[in-house]
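What follows is a single structure, written as structure tokens, with notes after it.
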Amino acid sequence: MRRVYIRERSAYTPSELADKLKPEDGGFRHWDADECIAKLLKRGVLSAGSIIDDEDSSTVKYDKYQFRWVGLAVYQDLVIVVYPKYFRGKDLPTLPQMARILRVIRKAEPKGAQIGMLADDNDRARDPLALLTALFDMYAEYGEYTNYERTIESNGTGSISWERTIEQCQPFLGDDGPIYFDLKTIETNRNDSDYVTRLHHALLTTYSQELRESGLAGLLSITPVELSDEELDDFGDPDIIDYRLERELNVQFITWKRDLISLLRSIVMDRESGHDWNNVACLGTASYQHVWELMCKTAFGDQLGISIDRLGMRLTDAWAKRGKETLLDIIPCPQWYSTEENSSETVCGPVKTLIPDVVSVLKHDDDLCLCIYDAKYYTPTLGKKVTGAPGVESITKQLLYQEAYKSFVKDQGVSRVLNTFFVPTSRQGGPYHLGKVDFLGIFPCQDAPFTNNIDVWALDADALGELYLDNEQVGSAVVDAIISKSAPVVFAQAQTLF
């Protein structure tokens, strides 16, 4: 299969996108490109109409197509790789980088990563990429589907069945009672001829061959396997296979095995219905901003859900009484009141309040710091013309987060408050301090330990993706650089920073 790389949010006219999808030798006819575009639109991974430029919100591009989605789409012999927008200009992700991005998406959105946001339930259940990735994920986690047989053998290595031994073996009568020279033992052996086991092997092998031929194995981080030389037709027609799987499901009570049987039934139905690469198969997300948020939460040790009495700080008497509340709980909520004609005000129930992305309390050079981080999936350019930067709403909310913790900071003697935007970059190393923003015309000047501005830091998205997959946090060098606003820390290999 051939590959076409397209940057997320890049805008194309219908003819530009059709030309982009056609091979250089012209073998992909124009109507094929139109059909592919129509199916991408139906799946919801491609948008059409008046597009607002992501880099410059004042620019509107009419009659354009745009991928507001990150992931992998397969149609016939074409693999469309839509990579994140933080790869700018001619900067393209390498195969390992794109494979890591897809793994991060699959971890962040395990149920939604395989589908377009507008796909119907039938497409969602039977997308070939969804089925094969689920099959190999379960194989990587649990291994082969196996059933075991219990048999009775003479003088085997298993546990002794005294009931069978007494019934079937002749004892030698001694002074101290009967002695048995022959014993009946219970043997437990794996049944390699089990129908479901053989079917599981056959499907893994069949999909492995398809992945090798299509070149998708590397992008999907799947290692092909050779477990069987049987074809799906060897197991009977689809109705027979489904009947055998249903029978197995009725007697199987192990959760992962039941899930696998249900998956095998979906795969058999998919292959019987002719669901193949002539339909657009998708794996990705239309909410990469949520993925970036999860990456930052993991990398910087989000403590929003941790009770304040577990933050490693001595609480004042007033806050000790609220020690079981979390850093999210202590944020004040808006209070609504209802009024009716000729009646007094009635207090309404609680409503949602401000929710920062990442909050952590840590020590830095013996100073107690409150770090308020917000993961922003933006690609800002700061200069005479500011483009691609967080808007007024984001700035206002970030400054309000600091206000929300004001009493906690003062009472607890916090030495410093950091207010920070984290944006992704494909640039290795870092972190990179891009600049800062304040809103002094609206928010009054703050005294220490509070800050008047929000710092903007660009983080190596590839390194953060690896940390997210491994459930690890950034190293102290990154945190020190952010707190002290020191010069960028650059190493020969980007991963060593983290």
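Of note:
- FRET efficiency estimate (nearest 0.05) - Cβ-Cβ, Y142 to E393, R0 41 angstrom: 0.35
- Computed log₁₀ I(q)/I(0) - Debye formula, equal Cα scatterers, no solvent, the stretch 208-280, q 0.13, 0.16, 0.21 Å⁻¹: -0.51, -0.76, -1.14
- Counting only protein chain heavy atoms and rolling a 1.4 Å probe, the accessible areas of I261, I240 rank, largest first, as I240, I261.
- Here the simple spin-label model places points 7 Å from the Cα toward Cβ, and for V251 and T353 these points are separated by 5.7 nm.
- Mean Cα-pair separation over length for the stretch 300-401, i.e. relative contact order, pairs under 8 Å, 6 or more apart, %: 21 percent
- Cα-Cα over 25 Å, subset of K257/K297; K107/K376; K39/K257; K406/K436; K85/K107: K257/K297; K39/K257
- The sum of -39500 (n - 2.57) across all DSSP H runs of n ≥ 4, divided by the residue count of the chain, sets its helix-only mean residue ellipticity at 222 nm to -10500 deg cm²/dmol.
- Total formal charge among the other residues, if their Cβ is under 13 angstrom from that of W256, Lys/Arg +1 and Asp/Glu -1: -2
- Listed by chain and number, the lysines whose C-alpha is less than 16 Å from the C-alpha of K90, apart from same-chain residues fewer than 8 away, are K20.
- Normalised Debye scattering of the stretch 358-433 at q = 0.14, 0.27 Å⁻¹ gives log10 I(q)/I(0) of -0.57, -1.26, counting only Cα atoms as equal scatterers and leaving out solvent.
- Extension gain, I166 to D34: 0.36 nm times the residue separation minus the Cα-Cα distance gives 39.7 nm.
- Rg over Rh [alpha-carbon atoms, Kirkwood Rh] for the chain: 1.10
- Over the stretch 173-254: Kirkwood hydrodynamic radius from C-alpha pairwise inverse distances, Å: 16.6 Å
- With K and R counted +1 and D and E -1, the other residues having a Cβ less than 10 Å from that of L204 yield a net charge of -2.
- Label zone of C333 (point 7 Å out along Cα→Cβ, amide N under 12 Å): in the stretch 343-377 this covers 348-354.
The values are calculated or read from the model by the stated rules, or taken from the named source; none is laboratory data. Since this is a predicted model, take the numbers as computed values, not measurements. Positions of Cβ are generated from backbone atoms using ideal geometry, with glycine treated the same way; all protein chains shown enter the neighbour counts. Each accessible area value is taken on the protein alone, full model and side chains, heavy atoms only, with ligands, DNA and RNA left out. Shrake-Rupley method; radii C 1.70, N 1.55, O 1.52, S 1.80 Å.
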